[in-house]
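Colleague: Dropping a structure here in structure tokens format, bear with me for questions.
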Amino acid sequence: LLLGSALRESLAKGMLNLHYQPQVDIKTGRLYGVEALSRWKHPTLGNIYPSRFIAVAEDTGQIETIGTWSLEEATRQINEWERQGLHVPTVSVNLSAAHFRNRGLPALIERILKERKLTPERLCVEITESVMMDENEDTMAGLAAIRNLGVGLSMDDFGTGYSSLSRLTRLPLTEIKIDRSFIMNLEHDPNAQAVTTAVIGIGNRLNMTVVTEGVETEAQLKLLRGLHCDVVQGYLFARPMAPDALLQWATGPE
Ligand code: G
Ligand code: G
Ligand code: MN
Ligand code: NA
């Protein structure tokens, strides 16, 4: 409860910020996009991790405020980078299941894109499997409406939750992100390799972009290239970074 009111105050004062982790096109090695991740540094409580404050936000009715702020901030930043000479093709924003139950979400996204003068493919929305679980009609209609705007829809952490392959085909997804627990074990665990291979195959056949997260080693990258994964994200390339650091990373010498 204490953390809930501290969060409310920080949100009102604009004290959260977004860090961005690059996603790399495995074939060309070029920047495919970035994932936006919320960061909260409280003046006295210090850094509070999203695993903690996202749960607090959900419990205290603030998750939609965070989602809306993330969408506005990430799209502001993509324009700012453009102004600085860096073209970031697309930015992915994480949204919680609760936000998808709000019927106003597609209109909100449409308004933000218009305000920022961005074409829809510059934005991707990441959903977790808990959204999929939610066979709520409003959620399903909302996902279709968001997809109809032309915005990307990504299934995050795929393979960890209550995945259902039939639901996967019923959702208007453009992208699957294979959870990093599979990538972590890729080199030494034949089961992790089998699942990764199968999911990449399904994604490719369903015309979805397959992103693997948590790529930390050259050996993993090499395996993923052999498996025809499209996009890679992980510490091998870069950690989530402040906007200026990302600009340096993407445009700096090399
Ligand atoms: O860097 P990392 O610790 O940022 O992220 C931890 C988890 O928090 C991830 O699962 C990520 O999806 C989630 N997360 C980070 N930022 C946001 C956000 O703005 N909204 C939601 N819903 N989840 C977020
Ligand atoms: O659940 P979601 O995928 O949205 O969250 C991404 C999380 O994964 C963030 O907490 C981010 O900091 C973390 N992350 C990104 N790349 C790596 C990596 O290569 N290794 C590990 N261990 N974590 C990573
Ligand atoms: Mn994510
Ligand atoms: Na993930």
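The numbers here are math on the coordinates, done by the rules we state, and not lab data. Remember, predicted model here, so these are calculated numbers, not experimental data. Here the Cβ is made from the backbone with ideal geometry for all residues, glycine too, and neighbour counts use every protein chain on show.
Colleague: Kindly identify the range 70-211 as rounded, prolate or oblate by the Cα gyration tensor criterion: order the square roots of the eigenvalues as a ≥ b ≥ c, call it rounded if a/c is under 1.5, otherwise compare a/b with b/c, prolate if a/b is larger, else oblate. Intermediate values should be presented prior to the final figure.
Modeller: Values: a/c = 2.29, a/b = 1.39, b/c = 1.64.
Oblate is the answer for the range 70-211, as a/c is 1.5 or above yet b/c matches or exceeds a/b.
Colleague: Note down the nm distance, to one decimal, between modelled labels 7 Å out along Cα→Cβ at GLU187 and at ASN79.
Modeller: 4.4
Colleague: Explain nothing, just the number: dipole magnitude of the range 58-153 about its Cα centre with +1 on each Lys and Arg Cβ and -1 on each Asp and Glu Cβ, in debye rounded to the nearest 20.
Modeller: On the way: 10 positive and 16 negative charges, 117 e Å.
Roughly 560 debye for the range 58-153.
Colleague: Then there is this: Excluding same-chain residues fewer than 8 positions from LYS114, which lysines have a Cα within less than 27 Å of its Cα?
Modeller: LYS114 reaches LYS13.
Colleague: Let's see if you can work this out: charge +1 on each Lys and Arg Cβ, -1 on each Asp and Glu Cβ, no other charges. What is the dipole magnitude of the range 121-254 about its Cα centre, in debye to the nearest 20?
Modeller: Working: 10 positive and 19 negative charges, 77 e Å.
Value, rounded to 20: 380 debye.
Colleague: In addition: List the relative contact order of the range 2-251 as a percent without decimals, with contacts defined as Cα pairs under 8 Å and 6+ residues apart.
Modeller: Once normalised by length, the contact order is 20 percent.
Colleague: Where does each of TRP81, TRP249, TRP40 land when they are ranked from fewest to most other beta-carbon atoms within 10 angstrom? Could you put the intermediate results ahead of the total?
Modeller: Details: TRP81 20, TRP249 17, TRP40 24.
Least to most surrounded, the residues fall as TRP249, TRP81, TRP40.
Colleague: Suppose every Lys and Arg Cβ carries +1 and every Asp and Glu Cβ carries -1, with no other charges. What dipole size does the chain come out with about its Cα centre, to the nearest 20 debye?
Modeller: Roughly 460 debye, rounded to the nearest 20.
Colleague: Could you tell me which trypsin sites (Lys or Arg not before Pro) in the range 72-129 are loop residues by DSSP with no more than 11 other beta carbons within 10 angstrom of their beta carbon?
Modeller: LYS117
Colleague: So, one more: Which of the listed residues, ALA144, SER5, VAL34, is farthest toward the dipole's positive end in the range 2-251, when Lys, Arg count +1 and Asp, Glu count -1 at the beta-carbon?
Modeller: Highest projection toward the positive end goes to VAL34.
Colleague: Find the relative contact order for the range 122-184 and round it to a whole percent, using C-alpha pairs within less than 8 Å whose residues are 6+ positions apart.
Modeller: Working: 74 pairs, mean separation 24.8, N = 63.
In percent, rounded to a whole number, it is 39.
Colleague: For the chain, what does the helix formula give at 222 nm: sum of -39500 (n - 2.57) over DSSP H segments with n ≥ 4, over the residue count, nearest 500 deg cm²/dmol?
Modeller: -14000 deg cm²/dmol, from helical runs alone.
Colleague: Right, here's the next one. Please give every one of the lysines within straight-line cross-link reach of LYS177, meaning a C-alpha to C-alpha distance under 20 Å, and leave out same-chain neighbours fewer than 8 residues apart.
Modeller: LYS27, LYS222
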